[in-house]
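The values are calculated or read from the model by the stated rules, or taken from the named source; none is laboratory data. As the structure is a prediction and not an experimental result, all values here were calculated from the model. Methodologically, a virtual Cβ is constructed for each residue, glycine included, from the backbone with ideal geometry; neighbour enumeration extends over all protein chains shown.
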């Protein structure tokens, strides 16, 4: 409803008052939008997809004003994005060496922290007699075997190591197909595009379940150490809160429910 006092003003003056009010509202809205937000950007290896999603949901129950943006991919590709200026606050790698590399090159506020140990498992597509040993993959029924790209995905690198150290690489190499990261590699066997895959236990194990897929002997490959790094971009209190929460007993409990061993 228009104010009577405003109606008594000359038309030009009324227009000036309306314009001034609109400018004030616009400026007030702009100031609010420019206020530093609570968004925390996290770049994480794909093996952490389910566990980190659960941890972030748990964190936000206690910190409802914080917003978490999770971006998943291979450790190597995310590392390259950070080196080229991607504005992430935290980085979680499937392999400690990737986090160490960023720390040594000056991209982080402090040295990386190991959160847990990952495990490599052998998965067979539905409808096919399951492989229980790496040597089973020599069978003719396994035409395509999926692993993550070893050049930038730690689980792919460890899968290749395991095959080489088992003396199977030469026989199996012609059957190998590559996924961009370990989650996409798992999708290949889920869709039937691959007959078997070597993937992360954390993509299969959920709280309360016990997957029956065989775990690859860890002596056949270098460790898979999930590592956390606080990057130089992480200057907000919310980023610091989530960084410390990831090292808490609550987060550790969830990591272990999703198949990671304690660090």
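Name the one entry in 46, 75, 56, 66 that is at pLDDT below 95, on the phi < 0 side of the Ramachandran plot, crowded, with 17+ Cβ neighbours inside 10 Å and touching a strand residue (DSSP E or B) at 6+ places or on another chain (Cβ under 7 Å). First the steps, then the outcome.
On the way: 46 fails: at pLDDT below 95; 75 fails: at pLDDT below 95; 56 fails: at pLDDT below 95.
Selected residue: 66, the only one of 46, 75, 56, 66 that is at pLDDT below 95, on the phi < 0 side of the Ramachandran plot, crowded, with 17+ Cβ neighbours inside 10 Å and touching a strand residue (DSSP E or B) at 6+ places or on another chain (Cβ under 7 Å).
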task: Count, please, the residues in the range 185-205 that happen to be touching a residue at least 12 places away in the same chain (Cβ under 8 Å), out of contact with any helix residue (DSSP H, G or I) (no Cβ under 7 Å at 6 or more places or on another chain) and over 14 Å from residue 154 (Cβ atoms).
output: 8
task: Take the range 78-107 and flag every residue that is outside any helix (DSSP H, G or I) and buried (at least 17 other Cβ atoms within 10 Å of the Cβ).
output: 88, 89, 90, 91, 92, 93, 94, 95, 107
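Go through the range 161-189 and count every residue that is more than 22 Å from the chain's Cα centre (by Cα), assigned to a helix (DSSP H, G or I) and surrounded by fewer than 19 Cβ atoms within 10 Å (Cβ to Cβ). Walk me through it before giving the result.
Narrowing the range 161-189 to residues more than 22 Å from the chain's Cα centre (by Cα): 161-177.
After this cut, where a residue has to be assigned to a helix (DSSP H, G or I) as well, the list is 161-165, 169-175.
Add one more test, that the residue is surrounded by fewer than 19 Cβ atoms within 10 Å (Cβ to Cβ), and what stays is 161, 164-165, 169-171, 173-175.
Counting residues in the range 161-189 that are more than 22 Å from the chain's Cα centre (by Cα), assigned to a helix (DSSP H, G or I) and surrounded by fewer than 19 Cβ atoms within 10 Å (Cβ to Cβ) gives 9.
With respect to residue 130, determine if the residue is modelled with pLDDT of 95 or more and not in a helix (DSSP H, G or I). Give the derivation first.
Working: modelled with pLDDT of 95 or more: yes; not in a helix (DSSP H, G or I): yes.
Against the criterion (modelled with pLDDT of 95 or more and not in a helix (DSSP H, G or I)), residue 130 qualifies.
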query: Could you say which residue among 151, 110 is assigned to a loop (DSSP other than H, G, I, E, B), touching a residue at least 40 places away in the same chain (Cβ under 8 Å) and more than 22 Å from residue 183 (Cβ to Cβ)?
result: 110
- prompt: Taking residue 235, is it modelled with pLDDT under 95 and at negative phi?
  reply: yes
task: May I ask you to list the residues in the range 160-184 that are free of Cβ contacts under 8 Å to residues at least 60 places away in the same chain and closer than 15 Å to residue 47 by Cβ?
output: 179
query: residue 259 fails exactly one of the following numbered conditions: (1) in contact with a strand residue (DSSP E or B) (Cβ under 7 Å, 6 or more places away or on another chain); (2) outside any helix (DSSP H, G or I); (3) touching a residue at least 40 places away in the same chain (Cβ under 8 Å). What is the number of that condition?
result: (1)
